[in-house]
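Take a look at the structure below.
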Amino acid sequence: MQPRRSQCLPSPQRGAATPANLFIFLVVLVLAWLLWSGIYKPVVLGLGVFSCLLTLFLARRMVFFAQSSELLSMIRRLPGYWLLLVKDIIVSSWNVTKIVLAPKLVIQPTMVDTDGAKLGEMGQTILGNSITLSPGTVTLDIDDGRLLVHCLLKKDAMALKQDDIVDRIKALES
Amino acid sequence: MIFAGVSCAILVTMVLAIARAIKGPTVYDRLLAVNMFGTKTALLLAVIAFLFGRADFLDLALAYALINLVGVLAVLEFFQNRIDANGDASGD
Amino acid sequence: MTIVFAIFLLTMLVITAVAIVQSSNLFVSVMLTSIFSLLMSTNFFVLDAADVALTEAAVGAGITTVIFLSALALTATQEKPNRSGRGIALIVVGLTASLIIYATFDKPRLGDPDAPVHQHVAPYYLDNTMEQMGFPNVVTAVLSSYRGYDTLGEVFVVFAACIGVLFILDARTGTGPKYVTRKMTGLRHHLIPQVVGRILVPFIVLFGLYVQFHGEYGPGGGFQAGAIIATAFILYSLLEGEQAALRAVPRSAQLGLVICGALMFGMVGVLCMIMGGEFLDYSVLMENPVTARQIGIIVIEAGVGMAVCGAMLSIFHAFAARSAEDTDEAV
Amino acid sequence: MIEWLLIVVDIVSWILLIIGSICVLIGGIGVLRMPDFYSRIHAASLTDTMATLALFSGMILQAGFSLAAAKLFAIMLFLLLTGPTATYALANSALLSGHKPKAAVLEKKVE
């Protein structure tokens, strides 16, 4: 299997930031500041407001909002997805643990192509990172919606062919 | 005391990672070890903050969690540029 | 406990240092250097110097690796074999090392309460910081008020370093067509780093600002914040390429940051003199000396942050522009 | 009642912390034992994900409802976000430079 050069992604559009998106992101920033800071004196709070606004300005300048609507549409279903992912991680961690600790290393390295073309950019990213997060499978390359995955066991590769995880992320997107 | 045990486990893993980083054999193995060392440092700092009861010093672990990625991405860009410059994209 | 940790970490540090020297592949050395930095930072943290540890983290985790790699892109990755003059070098190193080890015999033990540092000015700082400044972090008080002159000097050192690098690498101002090369597209065709990095950048900026403005209460301050915010911009230029980064923060803005930061620090000092106090004696700025000191410290820390951030960015872009130019000639 | 709950939380967090440390150790051993670069990634990802999850959940339980817990949660989130991205960058730079994995290829069924 050869590594291939993918095409350049279409450059993200500026101006994709709607007022609603800006506002929600500002709320996230303010929350992050309040939780990190823990000091609620007027001076520090004022500086916090300044910091959040400055960050918002810079984020807008640096095309942060290219994928924001995609992300926002799935943010409600994300926690449920995380729970399923954690379950997956625990199962596959146990498998890898058994392999590492076995007196004789039994591995069947396998490469597999997974089709994520029906997902958007955000969905493909989540797919790739979820695959990497579960031990035993690693995303090596994404090219035009096709993910090249390296698996430690043939079993995992077979499971990836079933498209379960792609469907799950598709459900997250819709 | 549990935190002392956890930090010992992480320290031992750091030693194992350094062993891999020095042994190699390829450049990528060393990179892998360095990357693993970085995430282990973030873990260790969080655990030590608890062990010494300085939970307000978690900022340091947060800094590593946020910044560690930059070095690895720079490596990817470095390799990509070198391949572009040598003209043989993707091996053959 | 601390001693055990410190000895363990220092042992790993020595092993890594030997490995760095041993390796003839410079790329491997750069990677091992980042392990060295991580160990150093953990060690500072264990020794309860969180401010220093944060500085090491902010500079060592991102910026050093990036700048080393840009430097490697300008040169070769393999070290030139050089065996001449090895004996002299060995003698010099041996002599220096034994001198330094000899000198450490005179030093007080770690944490010794009778050590000169704990006898002279340290108790004064510890006793008076809360009362005179109104905040708990003594390190920030020493850096920006009690020893403000030294910090001003450091800012000008950063300033000078930035100017020096720009002169050596001969970065021309402006972004003419010469700089537009196919090389500087960044990681445009890597979807995962693109998306994740784009999410990460604003949070790094926010964290940097948080570190900047909480220097009085926790580990942090201008130096660390400047480095962290610069890292965010460097991440952005890795992702989107040199051109886009220069569009977001033009070179004039970077140099402006350096100059304004250094000037801001100096101007506060001059303002103090105009108001009838000593240079950098903030207490005369307002009615209430404690508030006046706090305001003064916030302003000069902001100056430090701006100067460091601008300097790091200009140095990074000087390297990046240079490598783009070189391939232009090569292709 | 409350004390009883606290004890349960303590025990759960201890178990999580112990699982986390075991995972870290196994990952370290795996990185040394595995035969080639691509399989070592899998061992490293064990420490990156499972260990991070278990250790930080354990610490969050220890911290209780406090700002420290919020900060720990943020650290965990960012580590879980950047960890796989760093792994991708690593694996992809190896692949780009022509360090090919020795692996069987399982072709995707043709639709």
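The values are calculated or read from the model by the stated rules, or taken from the named source; none is laboratory data. Given the structure is predicted, the values throughout are model-derived calculations rather than measurements. Positions of Cβ are generated from backbone atoms using ideal geometry, with glycine treated the same way; all protein chains shown enter the neighbour counts. Only protein heavy atoms, including side chains, enter the accessible area calculation; ligands, DNA and RNA are left aside. Shrake-Rupley method; radii C 1.70, N 1.55, O 1.52, S 1.80 Å.
For the reader, a short list of remarks on this structure follows.
- Boolean, C:Gly220 is at positive phi and within 9 Å of another protein chain (Cβ to nearest Cβ): yes
- Selected residue (only one of C:Gly197, C:Gly208 is modelled with pLDDT of 80 or more, within 14 Å of chain A (Cβ to nearest Cβ) and over 19 Å from the mean Cα position of the chain (by Cα)): C:Gly197
- Leading residue by the ranking (farthest from the other protein chains (Cβ to nearest Cβ)) among those in segment C:184-193 that are modelled with pLDDT under 85 and out of contact with any strand residue (DSSP E or B) (no Cβ under 6 Å at 6 or more places or on another chain): C:Met184
For every residue, the table says whether it meets (1) closer than 30 Å to D:Leu55 by Cα; (2) outside the structural domain of A:Met158 (by TED's automatic domain parsing).
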site: A:Trp33; (1), (2): yes, yes
site: A:Gly46; (1), (2): no, yes
site: A:Leu58; (1), (2): no, yes
site: A:Val91; (1), (2): yes, no
site: A:Lys98; (1), (2): yes, no
site: A:Val106; (1), (2): yes, no
site: A:Thr114; (1), (2): no, no
site: A:Ala117; (1), (2): no, no
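- Complete set of residues in segment D:17-62 that are open to solvent by 10 Å² or more (accessible area, probe 1.4 Å), closer than 16 Å to D:Ile75 by Cα and not small (Gly, Ala, Ser): D:Asp48, D:Met50, D:Leu53, D:Ile60, D:Leu61, D:Gln62
- Subset tally (residues that are more than 8 Å from chain B (Cβ to nearest Cβ) and touching a helix residue (DSSP H, G or I) at 6+ places or on another chain (Cβ under 8 Å)) for segment D:78-101: 6
- Here C:Thr16 meets the list (1) at pLDDT below 85; (2) among the polar types (S, T, N, Q); (3) surrounded by 12 or more Cβ atoms within 10 Å (Cβ to Cβ) almost entirely, failing just condition (1).
- Per this entry, A:Gly15 is not counted among residues that are modelled with pLDDT of 80 or more, loosely packed, with under 13 Cβ neighbours inside 10 Å and small (Gly, Ala, Ser).
- Any chance D:Ile75 is more than 7 Å from every other protein chain (Cβ to nearest Cβ) and either in a strand (DSSP E or B) or over 30 Å from A:Asp113 (Cβ atoms) (or both): no
- Test for C:Ser41: is it within 25 Å of B:Pro25 (Cα to Cα), within 11 Å of chain B (Cβ to nearest Cβ) and open to solvent by less than 20 Å² (accessible area, probe 1.4 Å): no
- Test: C:Ile100 is touching a residue at least 60 places away in the same chain (Cβ under 8 Å) and not assigned by TED's automatic domain parsing to the domain that holds C:Leu235: no
- Restricting C:Gln224, C:Gln243 to those that are assigned to a helix (DSSP H, G or I), at pLDDT below 85 and of a type in the set (S, T, N, Q) reduces the list to C:Gln243.
- Listed by position, the strands (runs of 3 or more DSSP E) enclosed by segment A:75-174 that each have at least 1 residues that are farther than 17 Å from D:Ala43 by Cβ, without any contact (Cβ under 8 Å) to a residue 60 or more places away in the chain and in contact with a Ser or Thr (Cβ under 8 Å, 6 or more places away or on another chain) are A:146-151.
- Residue count for segment C:10-22, restricted to those that are farther than 23 Å from C:Thr231 by Cβ and within 8 Å of chain B (Cβ to nearest Cβ): 3
- Only one of the listed residues (A:Val100, A:Val112, A:Val86, A:Val96) is in contact with a strand residue (DSSP E or B) (Cβ under 7 Å, 6 or more places away or on another chain), farther than 30 Å from C:Ala230 by Cα and modelled with pLDDT of 80 or more. That residue is A:Val112.
- Residue in segment B:45-58 that is closer than 23 Å to D:Arg33 by Cβ, free of Cβ contacts under 8 Å to residues at least 60 places away in the same chain and out of contact with any Gly (no Cβ under 9 Å at 6 or more places or on another chain) present: no
Every residue, every condition in (1) in a helix (DSSP H, G or I); (2) out of contact with any Ser or Thr (no Cβ under 6 Å at 6 or more places or on another chain); (3) closer than 27 Å to C:Ala230 by Cβ, yes or no:
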residue: B:Ala19; (1), (2), (3): yes, yes, no
residue: B:Arg30; (1), (2), (3): yes, yes, yes
residue: B:Phe37; (1), (2), (3): yes, yes, yes
residue: B:Ile67; (1), (2), (3): yes, no, yes
residue: B:Leu73; (1), (2), (3): yes, yes, yes
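- Note on segment C:51-60: residues that are open to solvent by 10 Å² or more (accessible area, probe 1.4 Å) and small (Gly, Ala, Ser) total 0.
- Of the residues B:Thr26, B:Thr13, B:Thr39, the single one that is at the interface with chain D (Cβ under 7 Å from one of its Cβ atoms) and in contact with an Asp or Glu (Cβ under 7 Å, 6 or more places away or on another chain) is B:Thr39.
- Residue check, C:Asn25 within 10 Å of chain B (Cβ to nearest Cβ) and surrounded by fewer than 22 Cβ atoms within 10 Å (Cβ to Cβ): yes
- Segment C:211-270: number of residues that are of a type outside the set (D, E, K, R) and either more than 21 Å from C:Tyr282 (Cα to Cα) or without any contact (Cβ under 8 Å) to a residue 24 or more places away in the chain (or both): 38
- Matching option when the condition is surrounded by fewer than 21 Cβ atoms within 10 Å (Cβ to Cβ), modelled with pLDDT under 90, within 11 Å of another protein chain (Cβ to nearest Cβ) and within 30 Å of B:Phe52 (Cα to Cα), among C:Val46, C:Val4: C:Val4
- If you go through segment A:119-152 and pick out every residue that is out of contact with any helix residue (DSSP H, G or I) (no Cβ under 7 Å at 6 or more places or on another chain) and open to solvent by 10 Å² or more (accessible area, probe 1.4 Å), you end up with 3.
- Residue under evaluation C:Phe279, criteria (1) assigned to a helix (DSSP H, G or I); (2) surrounded by fewer than 18 Cβ atoms within 10 Å (Cβ to Cβ), criterion not met: (1)
- For B:Ala49: the one exception among (1) at the interface with another protein chain (Cβ under 7 Å from one of its Cβ atoms); (2) crowded, with 18+ Cβ neighbours inside 10 Å; (3) within 30 Å of D:Ile15 (Cβ to Cβ): (1)
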